[in-house]
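The structure appears right after this line, and notes come after that.
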Amino acid sequence: MNIQHHLQPETVVAYAAGTLPAAMALVVGCHIERCEQCRQALRSAEALGGHMLETVSAKPLSAAARDNVLALLDSEPAPVPTRKSPSVKTVSNSGPAFLPQRLQALLGIDSFDQVKWRKLAPGIQKFNLPLKEGRSFLLRIGAGLAMPVHSHKGSELTLLLQGGYRDELGSFHAGDVADLDSSVEHQPVAFEDEACICLAGMDEGLRFKGWIPTLLKPLTGL
């Protein structure tokens with residue numbers, strides 16, 4: 001199925017500039033493995049950033065600053081040449097599941113069956129990812145089950161990896177990304193025929209609607 005939901009332009013620019021927290025940058029990197037449209041947007045953002053750097057006039061160093069830089073160069077050993085990391089190949093997934101190369105490398109897995117899921121509620125499981133900036137986790141929602149109604153304290157990126165869900169914004173399938181801000185309130189409901197697995201990255205937590213989900217929030221870590 002063709003990807004219908006893409007990254008917002010400002011998200012692509014922030015990723016190109018390296019200003020996204022690691023949790024959200026991971027989601028962007030995984031999405032662009034599959035999405036040609038967002039890959040092209042990223043190339044354009046990088047090209048624009050490079051052009052801006054070339055056209056900005058450099059501020060001349062003061063004599064004192066120049067002496068300090070020269071002193072550091074004299075005192076530091078020459079850097080050891082390093083091999084350039086190979087570019088990540090585009091992933092082409094024709095099946096129902098999408099396991100990005102970045103996620104495989106981070107977790108050392110080649111199947112979602114290898115994930116050590118933690119139960120949050122009947123039919124809903126979570127696995128926290130080892131990233132220090134922001135919040136990042138895998139979420140598995142059983143077929144036909146719904147998440148509680150919630151909004152977001154900040155920004156959230158959610159990439160569909162298997163199955164899909166529908167909410168107030170439409171239907172999301174494997175490869176689609178939901179690029180949301182604090183103005184969005186929604187309730188994802190997994191499709192009835194298959195469990196939904198998604199990768200989420202956010203800079204703040206969720207804000208649940210209703211007192212029961214709110215009371216359970218400290219236990220779920222959402």
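Could you calculate the FRET efficiency of ALA47 with GLN101 from 1/(1 + (r/R0)^6), where r is the beta carbon distance between them and R0 is 25 Å, rounded to 0.05?
Efficiency, from the Cβ-Cβ distance: 0.55.
Taking all protein chains together and a probe of 1.4 Å, list LEU48, LEU7 from the most accessible to the least accessible.
LEU48, LEU7
Keeping every protein chain in place, order LEU161, LEU20 by accessible area at 1.4 Å, biggest value first, i.e. largest first.
So, going from the largest accessible area down, we get LEU20, LEU161.
Per-residue accessible area for THR158 at 1.4 Å probe radius, Å² rounded to 10?
10 Å²
Starting from the residue with the highest accessible area, list LYS132, LYS116 in decreasing order, probe 1.4 Å.
LYS132, LYS116
Using only alpha carbon positions, build the gyration tensor of region 100-168, then give the equivalent ellipsoid semi-axes as the square roots of 5 times its eigenvalues, largest first, whole angstrom.
Result for region 100-168: semi-axes of 20, 16, 12 Å.
How much length is gained if the chain between TRP117 and GLU194 is pulled fully straight, taking 0.36 nm per residue apart and subtracting their Cα-Cα distance, in nm to one decimal?
26.0 nm
Give me the distance in nm between label points sitting 7 Å out from Cα along the Cα-to-Cβ direction at VAL184 and GLU168, one decimal.
That separation, rounded to one decimal, is 1.1 nm.
I'd like to check one number: the per residue accessible area of region 1-47, probe 1.4 Å, reported in Å² as a whole number.
I get 49 Å² per residue for region 1-47.
The values are calculated or read from the model by the stated rules, or taken from the named source; none is laboratory data. Keep in mind the model is a prediction, meaning the values are calculated, not measured. Please note: Cβ atoms are built from the backbone with ideal geometry, for glycine as well, and neighbour counts cover all protein chains shown. Just the protein is used for accessible areas: all its heavy atoms, side chains included, with ligands, DNA and RNA removed. Shrake-Rupley method; radii C 1.70, N 1.55, O 1.52, S 1.80 Å.
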